[in-house]
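Below is one structure. I have some questions about it.
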Amino acid sequence: MKLYILPGTCAFVPHTALEWAGADYQLEILDRASVKSEEYLRINPQGSVPAVVDGDTVISQNLAVQTYINASYPNAHIFGKDDTPADLAYAYHWLAFLNSDVHKAFAPLFGPANFIKDESAQPALIAQAKEKIVNLLKYPNQHLGEKDYLTGTKSTADVYLYVILRWSKNFELDLSAYENLNPFIARIESDESVTEVLRQEGLEKIHSL
């Protein structure tokens, strides 16, 4: 199995899942140019990461890649305690929220020119996007006041939230009112597989917001 990633992106999530699984995999680290290369576009025409190639099977889109890893390594329980349909649904709930709602809200921060060409109008767009993200993160912060992890047990949903919090720190979002996020970061960064993935991707721990 080969996993294609860009360091620090949401591909960090399936990368961690493969480490949790103790999988025999090959890591292919791309850069911003190679992810749009003709060679990679033959693998994923959308020119995004992550993507998995396993023999003749090619999977893209983060949740699909995670689902494939989970099916390939069911004993790893990458979705946390998934003994019942409800357990699995809780994991999907959080992954969908983080992938579809929160991740999408970062788009104006990653590329404001894709939304507004007028540079003088971009600061207002960025401020609005930051406010939206902060409001969205109120939900997991409240939930983490009751549980150490989003589903109750550690899962890839927690790793996705960790990636989101890394981006939040990079963009200097004010999350100081959310008292449950720094302890959560400490729990995730104490995970041996997360530490190994950070090393492989050339990233440092953030420790706190």
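Using θ = phi - 60° and the Karplus curve 6.51 cos²θ - 1.76 cosθ + 1.60, what whole-Hz ³J(HN,Hα) does each residue of segment 144-149 get, with Gly and Pro shown as x?
Computed from phi, the couplings for segment 144-149 are 6, x, 9, 9, 6, 10 Hz.
Starting at the first residue of segment 164-181, write each ³J(HN,Hα) from the Karplus equation 6.51 cos²θ - 1.76 cosθ + 1.60 with θ = phi - 60°, in whole Hz, x for Gly and Pro.
With coefficients 6.51, -1.76 and 1.60, one gets 4, 5, 4, 4, 4, 5, 4, 8, 6, 6, 8, 10, 4, 7, 9, 6, 8, 7 Hz.
Given a Förster distance of 25 angstrom, what is the FRET efficiency for Ser100 paired with Asn180, based on the Cβ-Cβ distance and rounded to 0.05?
The value I calculate is 0.65.
What are the residues whose amide H is under 5 Å from the amide H of Val49, where those residues sit 5 or more places off or on another chain and H is modelled from the backbone?
The list, which skips near neighbours in sequence, is empty: none.
Taking only DSSP H segments of four or more residues, each worth -39500 (n - 2.57), what value at 222 nm results for the chain once the sum is divided by all its residues, to the nearest 500 deg cm²/dmol? Please report the intermediate quantities before stating the final value.
On the way: 10 runs with 96 residues, N = 209.
Value at 222 nm, helices only: -13500 deg cm²/dmol.
For the pairs Lys2/Lys130; Lys104/Lys147; Lys36/Lys81; Lys2/Lys117, note any where the Cα-Cα span goes beyond 31 Å.
Working: Lys2/Lys130 35 Å; Lys104/Lys147 25 Å; Lys36/Lys81 37 Å; Lys2/Lys117 38 Å.
The answer is Lys2/Lys130; Lys36/Lys81; Lys2/Lys117.
Each residue of segment 32-43 in order: what ³J(HN,Hα) in whole Hz does its phi give by Karplus 6.51 cos²θ - 1.76 cosθ + 1.60, θ = phi - 60°, with x for Gly and Pro?
5, 7, 5, 5, 9, 6, 4, 4, 6, 5, 5, 7
Now a separate question. Only Lys, Arg, Asp and Glu count, each charged at its Cβ (+1, +1, -1, -1), so figure out the dipole size of the chain about its Cα centre, rounded to 20 debye.
Working: 17 positive and 27 negative charges, 94 e Å.
It comes to approximately 440 debye.
Please list the equivalent ellipsoid semi-axes of the chain, computed as the square roots of five times the alpha-carbon gyration tensor eigenvalues, in descending order and whole angstrom.
Details: eigenvalues 134, 112, 45 Å².
In descending order, the three semi-axes are 26, 24, 15 Å.
Work out how much length Ser37 to Ala107 would gain on full extension: take 0.36 nm times their residue separation and subtract the Cα-Cα distance, in nm to one decimal.
On the way: separation 70, 0.36 × 70 = 25.20 nm, distance 2.16 nm.
The Ser37-Ala107 span can extend by a further 23.0 nm.
Would you list, by chain and number, the aspartates and glutamates whose Cα falls below 13 Å from the Cα of Lys132, excluding same-chain residues fewer than 8 positions away?
Asp101, Asp174
Rank-order 75-86, 169-180 by packing density, defined as the average count of other C-beta atoms within 10 Å over each peptide's residues, highest first. Walk me through the numbers before you get to the answer.
Numbers: 75-86: 15.0, 169-180: 13.5.
Top to bottom by mean Cβ count within 10 Å: 75-86, 169-180.
Taking just the C-alpha trace of segment 2-76, give me its Rg and Dmax in Å.
11.6, 36
Rounded to the nearest 5, what % of the DSSP beta bridges within the chain are antiparallel ones? If you can, show how the numbers build up before the last one.
Working: 7 of 11 bridges.
If we restrict to bridges inside the chain, about 65 percent are antiparallel.
Which one, Phe106, Tyr73, Leu18, is farthest towards the positive end of the dipole of the chain when Lys and Arg carry +1 and Asp and Glu -1 on their Cβ?
Phe106
Every number in this text was worked out from the coordinates using simple rules, so none of it is lab data. These figures come from a predicted structure and were not determined experimentally. Methodologically, a virtual Cβ is constructed for each residue, glycine included, from the backbone with ideal geometry; neighbour enumeration extends over all protein chains shown.
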